[in-house]
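Below is one structure, written out as structure tokens; the observations come after it.
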Amino acid sequence: MYLVFIVGTAGCGKSLLTAAFSDWLNLKKQNVIRVNLDAGALRLPYTPDVDIRDYVRVEEVMEKYDLGPNGAVVMAADLIATEINSIRNEIEELDGDYVIVDTPGQMELFAFRASGPYIVRELSDDPKALLYLFDATFSSNPLNYVSNMFLATAVYTRFLVPQLYILSKSDLVPKRVSKKTVEWSSRPSKLMEALDLESSETSRLIARGISQLVSNIGLSFHLIPVSSTKQEGLINIHSLLTRILSGGEEQT
């Protein structure tokens, strides 16, 4: 069984990718378990096989602890960790090939609180990886792209598991724009050229510094352009995951 956690900033398309990639894997005769870890989700584009809302709901936390929406969302994120054994048992009973985990909409609730790494570690002992989503519309600006690089680096240092980088919602920008963003991810010199064209000197210098720092750490961000609505790029995600998680062997 392989676990794939889908992570990214709010609105980057995590739930849509969960639905699309799960459907694609099912067509390949893979048994997929969809896990929703967003206790505040009102509507999902897929039917979860394991749903944290069966254990923790934001609206119930608000009422029980007399909290506002923000406080309840934070507490709910931490309460997920207290239910980890129940969630793990559900997953093990379903015995799937892939477990696709849709993480909370607000990334900081999962990635930057103590409960996040604990959940990733304790949910299963099987091989796992993260898909970090770069929203194509946001990341088409080089300053925004560097901001996402910085966040992706921070997420990697939190979990220290194999991480792939997805240019999500790539169908919402022209092909030439998505190609340019992908080129930044594989050719740092092109990113530097784009940053040099930015009008704000302060922003430009900060972004260059961040980019060079990430490069010195040794991390690379080779983006995979993906459209969940058109099911484009999913085969590339699968091939890389297979290489990382199983050494190239298909799950059977």
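Derivation of every value follows stated rules applied to the coordinates shown; laboratory data play no part. Keep in mind that this is a model prediction, so the values were computed, not measured. Note: ideal-geometry Cβ built from the backbone for every residue, glycine included; neighbour counts use all protein chains shown.
For a test of the definition: using alpha carbon positions, the gyration tensor, and the 1.5 limit on a/c, classify region 173-252 as rounded, prolate or oblate.
oblate
Roughly how big is the chain's charge dipole about its Cα centre, with Cβ charges of +1 (Lys, Arg) and -1 (Asp, Glu), in debye to the nearest 20?
With only Lys, Arg, Asp and Glu charged at Cβ, the dipole is about 1140 debye.
The length gained by stretching the chain between Tyr118 and Leu94 to full extension, at 0.36 nm per residue less their Cα-Cα distance, is 6.5 nm.
What list of ³J(HN,Hα) couplings, whole Hz, do you get for region 216-227 from phi and the Karplus terms 6.51, -1.76, 1.60, once you set θ to phi - 60° and write x for glycine and proline? Result, rounded to whole Hz: 5, 5, x, 7, 10, 10, 7, 6, 9, x, 9, 10. Whole-Hz Karplus values for region 44-61 come out as 10, x, 8, 9, x, 7, 10, 10, 4, 5, 6, 10, 9, 10, 4, 5, 6, 5 Hz, taken residue by residue from phi with 6.51 cos²θ - 1.76 cosθ + 1.60 and θ = phi - 60°; glycine and proline positions read x. Stokes-Einstein, applied to the Kirkwood radius of region 42-173 over Cα pairs at a viscosity of 1.002 mPa s and 20 °C, places its translational diffusion at 130 µm² s⁻¹. Of all DSSP beta bridges confined to the chain, the antiparallel ones make up roughly 5%. Once backbone amide H atoms are built at 1.01 Å from N, Leu167 has Phe134, Ile224, Val226 as its partners under 5 Å, excluding neighbours fewer than 5 places away on the same chain.
The alpha-carbon positions of region 105-179 define a convex hull whose volume is 100 Å³ per residue. Look at Phe138, Phe159, Phe221, Phe5 and count the other Cβ atoms within 10 Å of each Cβ; fewest to most, that gives Phe138, Phe159, Phe221, Phe5.
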